[in-house]
Amino acid sequence: MKNVYDVLVERGFIEQVSDETGVRAAVEKPITCYIGFDPSASSYHVGNLVPIMALAHMQRHGHRPITIVGGGTGMIGDPSGKTEMRQMLTREQIEANVQGQKAQLARYLDFDSGKALMLNNADWLTKLNYIEFLRDIGRHFSVNRMLAAEAYRVRLETGLSFIEFNYMLLQAYDFLHLYREYGCVLQMGGSDQWGNILAGVDLTRRVEGATVYASVFPLITTSSGAKMGKTEAGAVWLDRELVSPYKYYQFWINTEDPDVERFLALFTFLPMDRVKELGRLQGADLREAKEVLAYEATKITHGEEEARKAQEASRRLFAEGGTAREGVPTTALDAEDLAAGIPVTELFRRVGLCGSRGAARRLIEQGGAYVNGERVASIDVLVTDKDLMEGAILLRAGKKHHHRVILS
């Protein structure tokens, strides 16, 4: 079996590492590693998949991953990558979000018999005595060095609160605590966390005299420069109640051509030989690679059955031009509302094909809105129950985004 560090490099997970030789040597035998996650939402989204998949690869190579749900640090708010202070969450909000995230991680990691751990840093951070923490931990931090960190330097221009300034200390303390309690020697995270993770490496060395390591992932963007997981309709959530398995599948099958091979390496467990083989496909044949990407990514997140249903529905809609029902996003409308007529801009907004009526208006003006396969000619069109065909109205935005409307 390959050294997992080389696997992560080959698949595109590594942007920077504190000691490449040390990390490669350390993972020759089983180690414990960890990544912290923001508890500000009840669901992860596609933008969180890089760290989640990295932990999955670590586990598949015999290492023990720890996922830290930031119940404690979430009460402070990480200033990294933000131009203004995050909204403060209550303990109750954080706990509700923590519960929502647990089931999702189990799709990627095996938590049986302690093979992976899920911990909440509120369990130790909320018990700290402030004076003792300043004396024992705060004395190891240089304010000058902290202000030189990118996360703080950027925020100084717009204002940095004292509570946010403490975030680096708390994240560094997490690493120290996990080293002491679980023998954790590697922390991974996004590239915006580089300064915070290095602070933990340095703190553990100063306090325990131990060698631990840092590694960060690149910020994943599409070839057009868009942030990964962000669409016009919003974030692509892993929670099926927020984004259906069909819509999730469609997100992946709509991957831009230059990104297909890279995303196959990052977001599936396919062997790299197969990834490279699919990456060599060109033109119309690239559709096959996109189907594989969409199927494999959906299978991991929603299970094989949902992936199969989404694939079949997608094929019927796009390849055969049919009116597939199973798996296609569907909205049930009140019969009286539809009988009275709903402005087409409002309907496209209501079902989520457009983020606003203004966006729907622009879509129509650009010739990209369809009702039952017919292009919408005017923003003044009313959609009524007379448009029902076999009990449904099929809406389409552009070439790839479909939605069914039925009566409740």
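The values are calculated or read from the model by the stated rules, or taken from the named source; none is laboratory data. Note that the structure is a prediction, hence the values are computed from the model and not measured. No Cβ is skipped: glycine too gets one built from the backbone with ideal geometry, and neighbour counts run over all protein chains shown.
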Go through region 223-257 residue by residue and tally those that are touching a helix residue (DSSP H, G or I) at 6+ places or on another chain (Cβ under 6 Å), at pLDDT below 85 and crowded, with 16+ Cβ neighbours inside 10 Å. 2
Restricting attention to helices (runs of 4 or more DSSP H) lying wholly within region 175-272, give those where 1 or more residues are within 14 Å of the chain's Cα centre (by Cα), without any contact (Cβ under 8 Å) to a residue 60 or more places away in the chain and closer than 27 Å to Glu10 by Cα. 245-253, 260-267
Kindly check whether there is at least one residue in region 149-163 that is at pLDDT 85 or above and more than 29 Å from Val46 (Cα to Cα). no
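Are any residues in region 153-164 part of a helix (DSSP H, G or I) and surrounded by 17 or more Cβ atoms within 10 Å (Cβ to Cβ), and if so, which ones?
Those that are part of a helix (DSSP H, G or I) and surrounded by 17 or more Cβ atoms within 10 Å (Cβ to Cβ): Arg155, Glu164.
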Identity of the residue in region 9-59, in contact with an Asp or Glu (Cβ under 8 Å, 6 or more places away or on another chain) and surrounded by fewer than 22 Cβ atoms within 10 Å (Cβ to Cβ), that ends up nearest to Glu92 (Cα to Cα): Ser42
Can you pull out the residues in region 148-172 that are touching a residue at least 12 places away in the same chain (Cβ under 8 Å) and among the basic types (Lys, Arg)? Arg155
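Would you mind finding the one in Asp285, Asp239, Asp257, Asp273 that is of a type in the set (Asp, Glu) and either closer than 29 Å to Ile197 by Cα or in contact with a Lys or Arg (Cβ under 7 Å, 6 or more places away or on another chain) (or both)?
Asp239
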Which of the residues belonging to region 1-17 are within 19 Å of Thr67 (Cβ to Cβ) and not in a helix (DSSP H, G or I)? Phe13
Of all residues making up region 140-152, the number that are within 26 Å of the chain's Cα centre (by Cα) and in a helix (DSSP H, G or I): 3
Looking at region 105-112, can you tell me whether even one residue there is at pLDDT 80 or above, surrounded by fewer than 16 Cβ atoms within 10 Å (Cβ to Cβ) and within 21 Å of Asp174 (Cβ to Cβ)? yes
